[in-house]
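A quick write-up on the structure given underneath.
Read-outs throughout are calculated quantities, based only on the coordinates presented, and are distinct from any laboratory measurement. All values derive from a computational prediction rather than experimental measurement. Cβ: placed from backbone, ideal geometry, glycine included. Neighbour counts: every protein chain shown.
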Ligand SMILES: Cc1cc2nc3c(=O)[nH]c(=O)nc-3n(C[C@H](O)[C@H](O)[C@H](O)COP(=O)(O)OP(=O)(O)OC[C@H]3O[C@@H](n4cnc5c(N)ncnc54)[C@H](O)[C@@H]3O)c2cc1C
């Protein structure tokens, strides 16, 4: 995966092969799927959850089916999410749950809603059905008192996702953070948005909860803004993203009761958060703070955090091979193009390999 061109070519071939029903599932299952996913179903992911738990690392079940376009499939997704949420609520090794709104509401409807362009009564009805599915899941999380994170998506879909999250937090976060929104700090408007949310929480008297990430769709965002000629929502450079990420962490750690899930593979950012926790006298293990990484990425960092006594969990994506392919391709591309922390991970793997060869010789 360190070869960007190879990843691009194999990704294209995999999509093409699955579309024409060529027998490649086995190859995908034995390679990228095994690396980045827990299993093809919740039951098949149980051994991975147990393995992580043995190293002091929790799991966040992530049913990684994306880009659905039929009501029937979205209804099926809701059932799968409800089951996984119930499992999460009943197992201490799964500290909280996560889902993507685009698994329950068609992205075209979210985009139209974001532009205030939902005019057709059929579209309006379909949007409300989708929103009903989301609220159904969030209400169940509240009934089970199980925290649930809403992933952030592309900026042109995000406003209605934020609005739904806000409505739900007011209703369900009365005594603890049940509904947790995601802030993508590569967007230059997110610190201001965080400020508004915290003021709103104070006025309405609920507990705010946020997952802080840098953001996954930078190239797509920049390309679309360039093509359609609107202001690029992304920060001018990586330094600005890093600065706002660190500021958001500081604001949330200083807050009297906000929940923070820090989703990053960046070691320096995790170190920064631990330094602040010490400065603000916050306990390493608390219901208020969780470090999180994706399965198969920065595993050494997750282990290091767990060994140092912090609460840490891995996103554990699962689902049928062909349905999780978009997720897998994103991970493969991210690994091939990323510099910095992931190169560090690759260097660690090479060093380990060298050491094992020397030991075997
Ligand atoms: C547990 C977890 C949950 C996640 N959930 C989400 C989610 O809900 N939504 C989502 O969008 N992403 C999500 N991500 C992915 C995340 O947003 C990042 O894409 C990924 O983690 C890489 O960022 P980093 O902080 O780990 O690493 P780093 O290597 O420090 O940062 C890389 C990131 O910095 C930003 N960046 C890089 N170059 C520039 C530049 N020139 N200008 C401005 N910014 C730049 C980009 O966001 C890039 O992804 C999640 C990640 C984790 C670990």
Legend entry - Scope the range 189-213; condition over 21 Å from residue 138 (Cβ atoms) and in contact with a strand residue (DSSP E or B) (Cβ under 7 Å, 6 or more places away or on another chain); matching residues: 190
Inset, instruction - State whether the residues of the range 213-229 include one that is under 20 Å from residue 271 (Cβ atoms), more than 10 Å from the ligand (Cβ to nearest atom) and not in a loop (DSSP other than H, G, I, E, B). - result: no
Inset, instruction - Scan the range 293-323 residue by residue and report those that are in a strand (DSSP E or B) and over 13 Å from residue 56 (Cα atoms). - result: 293, 294, 315, 316, 317, 318
Legend entry - Some residue of the range 166-175 being part of a loop (DSSP other than H, G, I, E, B), over 19 Å from residue 112 (Cα atoms) and touching a residue at least 40 places away in the same chain (Cβ under 8 Å): no
Inset, instruction - Any chance you could count how many residues in the range 1-50 are part of a helix (DSSP H, G or I) and either in contact with a helix residue (DSSP H, G or I) (Cβ under 7 Å, 6 or more places away or on another chain) or exposed (fewer than 14 other Cβ atoms within 10 Å of the Cβ) (or both)? - result: 27
Legend entry - Filter result for residue 136 (surrounded by fewer than 16 Cβ atoms within 10 Å (Cβ to Cβ), away from the ligand (no atom under 16 Å from the Cβ) and not in a helix (DSSP H, G or I)): no
Inset, instruction - Sort through 160, 147 and tell me the only one that's under 19 Å from the mean Cα position of the chain (by Cα), over 16 Å from residue 261 (Cβ atoms) and surrounded by 19 or more Cβ atoms within 10 Å (Cβ to Cβ). - result: 160
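Tally time: how many residues in the range 189-212 are more than 16 Å from residue 175 (Cα to Cα) and under 23 Å from the mean Cα position of the chain (by Cα)?
11
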Inset, instruction - Scan the range 310-324 and give yes if some residue there is within 15 Å of the ligand (Cβ to nearest atom) and either without any contact (Cβ under 8 Å) to a residue 24 or more places away in the chain or over 24 Å from residue 88 (Cα atoms) (or both), otherwise no. - result: no
Legend entry - Yes/no for residue 152 being in a loop (DSSP other than H, G, I, E, B), in contact with a strand residue (DSSP E or B) (Cβ under 9 Å, 6 or more places away or on another chain) and closer than 22 Å to residue 66 by Cβ: yes
